1. For region B:154-191, enumerate the residues that are of a type in the set (Phe, Trp, Tyr) and closer than 17 Å to A:Pro72 by Cα.
2. Being closer than 21 Å to B:Ser212 by Cα, aromatic (Phe, Trp, Tyr) and either modelled with pLDDT of 95 or more or surrounded by fewer than 16 Cβ atoms within 10 Å (Cβ to Cβ) (or both), is that true of even one residue in region B:382-403?
3. Looking at region B:200-248, which of its residues are more than 16 Å from ligand 2 (Cβ to nearest atom) and charged (D, E, K, R)?
4. Can you name the condition, by its number, that A:Gln25 falls short on among (1) in a helix (DSSP H, G or I); (2) modelled with pLDDT under 95; (3) among the polar types (S, T, N, Q)?
5. For residues that are within 20 Å of B:Arg288 (Cβ to Cβ) and either away from ligand 1 (no atom under 16 Å from the Cβ) or not small (Gly, Ala, Ser) (or both), tally how many sit in region A:46-78.
6. Would you check which residues across region B:355-408 are of a type in the set (Val, Ile, Thr), outside any loop (DSSP other than H, G, I, E, B) and over 23 Å from the mean Cα position of the chain (by Cα) and list them?
7. Looking at B:Arg111, B:Arg58, which is the one that is more than 24 Å from B:Ile364 (Cα to Cα), in a helix (DSSP H, G or I) and within 16 Å of ligand 1 (Cβ to nearest atom)?
Amino acid sequence: MPSRRIKLTFPARLIKDPVIWQLGQKFPVVTNIRRADVREDYGWVVLELTGEEPEIERGLEWVRSMGVRVDPVSGDVVEG
Amino acid sequence: MAYVSGLRCRECGREYPAEPLNVCDFCFGPLEVVYDYEAIRRVASRERIQRGPLTMWRYEDLLPVDAERAINLHTGFTPLVKATNLGRLLGLNELYIKNDAVNPSYSFKDRVVSIAATKAREFGFDTLACASTGNLAGSVAAHAAKAGMKSFIFIPHDLEKGKVLGAAIYGATVVAVKGSYDDVNRLCSELADTYHWAFVNINLRPYYAEGSKTLGYEVVEQLGWRVPDHCIVPAASGSLFTKVWKGINEFVSLGLVQATGTTHMHATQAEGCSPIVTAYQAGWTHVRPVRPKTIAKSLAIGNPADGFYALKTIQATSGSAVSVPEEEVVEGIKLLAEYEGIFGETAGGVVVSALRRMAQQGAIGKDEVTVAFITGNGLKTQEAVESVVQPITVEPTVASFQAAVNGR
Ligand SMILES: Cc1ncc(COP(=O)(O)O)c(C=O)c1O
Ligand SMILES: [Zn+2]
C-alpha cells in the first residue's frame, strides 16, 4: 500500500483539536506519528500516512482545508 | 580515497550505510555523512592540501567521494578579495569578499553539485535531476553534460524562460510543472521516491550538502591559515550556512588551523522570505514555514530543510541572523559593484546590505576579520538592477559629447 511522509504544521487555534485522529476517522488512511513538537501557540507533527493514493490526497486536502500546512518531510526541494 | 564510514540521522543518531538515502526510516530526520576522522587526521596536512589542484578537490580527504573520479568543471578556489574600498566606507579594516560568483556555472552550487554528480555516477545512476528556479538548475545541467548523464530540471510553469536558459543550453530536459510552488515541491519529493534518478538535493542531499564545506576550508586557507571572526552568509535552506561553519570547525578540530577565537556565523535573508531570521529573533528552536515573496529569488525557500540546524549554528557560534528590507537588496548589489568591482546576484545584495547594517550597529569590531560570501553572479538577476542603464545619448560630434558630459 502506498505511503507518504509529511510534516503538518498547526496554527494556534488548532493545537487542541484532534485533527490527526479525525483524519484517520474520516478517511481510510493509517496515521503513524514519528516526531512532533507541540507548543501552546504552534505545533508540528512529522508522520507517515498509509492508504490508497486518492484517499491520501483527499485526506490531505481536508487537513489543508482545516488550516493546517502540509509539507514534504525534507523541507522545500525547489532551490534557487 | 574517501574516508566515509556511513550516514547518521541528525535527530535520533541511527546509522545507515553510505547509500542514496536522505531521511531516517525511523524518525524521518535528515541523514548526514559520517567520516573516519582518525584516518583523516593521519593523512591530512597543510602541505598535502597545498600540493593539490587549485579547485575544491584539494580538500578531497574531507569530501565524501573519490576525487579521482570527480565530475570536475574546475570548481572552487575562487578569489578571496580584500575589500578595502567597501571596508573604508563601513569602517572595517579587515573586510574580505569571497567571490564565489565566478564558478563554472556562476554560483556556489557547483560545489554541491560536483559532489552529488560524482556520487551519482559512483552509485550507478544515469540521470541527474533537481527542482530549481535558477542557480541549481544551471549547475546540475552543466555537470550532467560533463558526466555524460541525462538531466531533468523541474520548474514552476510560470517561471520566465530566461531563468532556465542557463540549464537548457547544456541539453537538460526542462519540465514545467503546472500548479503552485508547493505542487512542484510535492511532485519532486514523490518522483524522487518513484524514479531511480539522482535528485541532487533529495536522495543525494547528505553528500551534496558536504560540498559547501569547501567554502569554509578555502576561506581559512586563503586568509593565510587563519579563522575569520565573522562570516556573513546568505541563507535559503540554511545548508550552505551550516556547512561553511562545519568546514571551519573541521579544520580546527583536525589541527590544520589554530582557532584564536570563535567564528561568529551570521545568516542573512531578505525580509520577504526570512523564516530563519524570524525564528532567531523570536527565540524559537524551530523555524516556522512562510510563503516567500522576495526579490531575492535564489533565497526564496519558505520551509527551510536546515533551518533548525542553522539556528543551532548561530547559537553555537554566538552569531546572529539579519534580514534586510526588500529595497535594500538592490542597494547592496550596487554597493558591491561600485566599491569593489564585483557584480553579485540578489543573494549577494542581501549579504552586503546585511553587512552594512551590522557595521552601522557596531556588531562587527573594526579590526575583526570579516568575510562576506557572494555566492551567485549578478548577470543572472539583471532584471533586478535594470534601472542602472541610463546612457547619455549624444550626436556623433565632439561638441555634442562635450556638452553632454559637461560637469560629470
Ligand atoms: C546564490 C545563492 N546563494 C545562497 C543560496 C542558499 O543556499 P542554501 O539553500 O544552502 O541556504 C542559494 C540557494 O539556492 C543561492 O542560489
Ligand atoms: Zn532518526
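The values are calculated or read from the model by the stated rules, or taken from the named source; none is laboratory data. Because the structure is a prediction, the values reported are computed rather than measured. Cβ: placed from backbone, ideal geometry, glycine included. Neighbour counts: every protein chain shown.
1. Step one: filter region B:154-191 for residues of a type in the set (Phe, Trp, Tyr), giving B:154, B:170, B:181.
B:Phe154, B:Tyr181 - these are the residues of region B:154-191 that are of a type in the set (Phe, Trp, Tyr) and closer than 17 Å to A:Pro72 by Cα.
2. Looking only at region B:382-403, we keep the residues that are closer than 21 Å to B:Ser212 by Cα, and these are none.
No, the conditions are met nowhere in region B:382-403.
3. Our first condition is that a residue be more than 16 Å from ligand 2 (Cβ to nearest atom); within region B:200-248, this holds for B:200-204, B:207-248.
Correct list: B:Glu210, B:Lys213, B:Glu218, B:Glu221, B:Arg226, B:Asp229, B:Lys243, B:Lys246.
4. Condition (2) is where A:Gln25 drops out.
5. Going residue by residue through region A:46-78, those that are within 20 Å of B:Arg288 (Cβ to Cβ) are A:46-47, A:60, A:63-64, A:66-78.
Next, from what is left, pick out any that are either away from ligand 1 (no atom under 16 Å from the Cβ) or not small (Gly, Ala, Ser) (or both): A:46-47, A:60, A:63-64, A:66-73, A:76-78.
Qualifying residue count for the region: 16.
6. At the first step, the residues of region B:355-408 found to be of a type in the set (Val, Ile, Thr) are B:364, B:369-371, B:374-375, B:381, B:385, B:388-389, B:392-394, B:397-398, B:405.
From what is left, the residues that are outside any loop (DSSP other than H, G, I, E, B) are B:370-371, B:374, B:381, B:385, B:388, B:398, B:405.
Matches in region B:355-408: B:Val388, B:Val398, B:Val405.
7. B:Arg111
For (1) assigned by TED's automatic domain parsing to the domain that holds B:Glu221; (2) away from ligand 1 (no atom under 16 Å from the Cβ), each residue gets a yes or a no:
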site	(1), (2)
B:Asn72	no, yes
B:Thr75	no, no
B:Gly87	yes, yes
B:Leu90	yes, yes
B:Asn93	yes, yes
B:Lys98	yes, no
B:Ala101	yes, no
B:Ile115	no, no
